[in-house]
Amino acid sequence: MSSEKFESLEDDLTAIIDDIKFKLERKLPHYVGEEKKSAIRQLERKLEETHLILQEMESEAKIAPVSYRTQMLGKIRNYRSDVESITRTLKKGSGGSGRSSDNFGFDREDRIEASQRSKLLQGHQSLQRTSESIARSQQISAETDQIGVEIIDELGQQRETLVRTRERLTDTDANLGKSRKILKGMARRLMTNKMILAVIILFEVAILGGLVYWKFFS
């Protein structure tokens, strides 16, 4: 079983059930009068304790892994059926205890005590539901925090990537600027060389024309 708490609760429950069965089958039939009434009240309190334990076990089963949950819930159903059977047996055994004929206010005290136990049980159930709701809220909050941390980390990584990309673009722009300056310088030198070459050609043509004129017309 995956839950140590579930196993501990199960041990407590089986011990209480065994104790109730022993007293119900072996001792209660021999009691009479006030002694029997006192024994019945004790057994009723123990039965209420079994209901509280079963509720805690059910809460543990609900949060257990799926592979164990079915087995846990099956055990809980069996224990609850056993407790209900004991309750029916106790009611039958207490039917002839003379409670309805008691004229000393004992039934009224029993009803008050039963009402108080019922309110206590309801309060425990409400507290259990509140605790489960708080546990679920805490789990959702923890998951939300984890998602938030992951998103922040991812955004940080994206920011670093964008910063590096911007730096590369800045370097690229700088390199492009240098390249444009180099190309402009090369274009100016090329134009200057062309002009010089044209002047040289014109000068050579002029010299050649002068030689031809001198040779044929002098």
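The values are calculated or read from the model by the stated rules, or taken from the named source; none is laboratory data. This is a predicted model, so every value here is computed, not measured. Using ideal geometry, Cβ is built from the backbone for each residue, glycine included, and neighbour counts are taken over all protein chains shown. Each accessible area value is taken on the protein alone, full model and side chains, heavy atoms only, with ligands, DNA and RNA left out. Shrake-Rupley method; radii C 1.70, N 1.55, O 1.52, S 1.80 Å.
For a 21 Å ceiling on Cα separation, which of these pairs sit above it: 21/75; 36/75; 46/92; 36/92; 5/62; 5/75?
36/75
Take the Cα of residue 195, step 7 Å toward its Cβ, do the same at residue 170, and the gap between the two points is 3.9 nm. Here the simple spin-label model places points 7 Å from the Cα toward Cβ, and for residue 135 and residue 7 these points are separated by 1.8 nm.
The mean accessible area for residues of the stretch 124-218, using a 1.4 Å probe and ignoring ligands and nucleic acids, is 92 Å² per residue. In this calculation the C-beta distance from residue 69 to residue 163 is compared with R0 = 41 Å, giving a FRET efficiency of 0.25.
Counting 0.36 nm for each residue step from residue 217 to residue 116 and taking away their Cα separation leaves a gain of 21.6 nm.
For the stretch 10-27, the Karplus equation 6.51 cos²θ - 1.76 cosθ + 1.60, evaluated at θ = phi - 60°, returns couplings of 5, 4, 4, 5, 5, 5, 5, 4, 4, 5, 4, 4, 4, 5, 5, 8, 9, 9 Hz by residue, with Gly and Pro reported as x. Other residues within the sphere of radius under 15 Å centred on the Cβ of residue 156, judged by their own Cβ, net out at -2 (K and R +1, D and E -1).
Put simply, when 9-15, 167-173 are sorted by average Cβ atoms within 10 angstrom per residue, most first, you get 9-15, 167-173. Atom-type composition of the exposed protein surface of the stretch 126-198 places 60 percent of the accessible area on carbon and sulfur (1.4 angstrom probe). Heavy-atom surface analysis with a 1.4 Å probe gives the stretch 1-53 a carbon and sulfur content of 45 percent of its accessible area.
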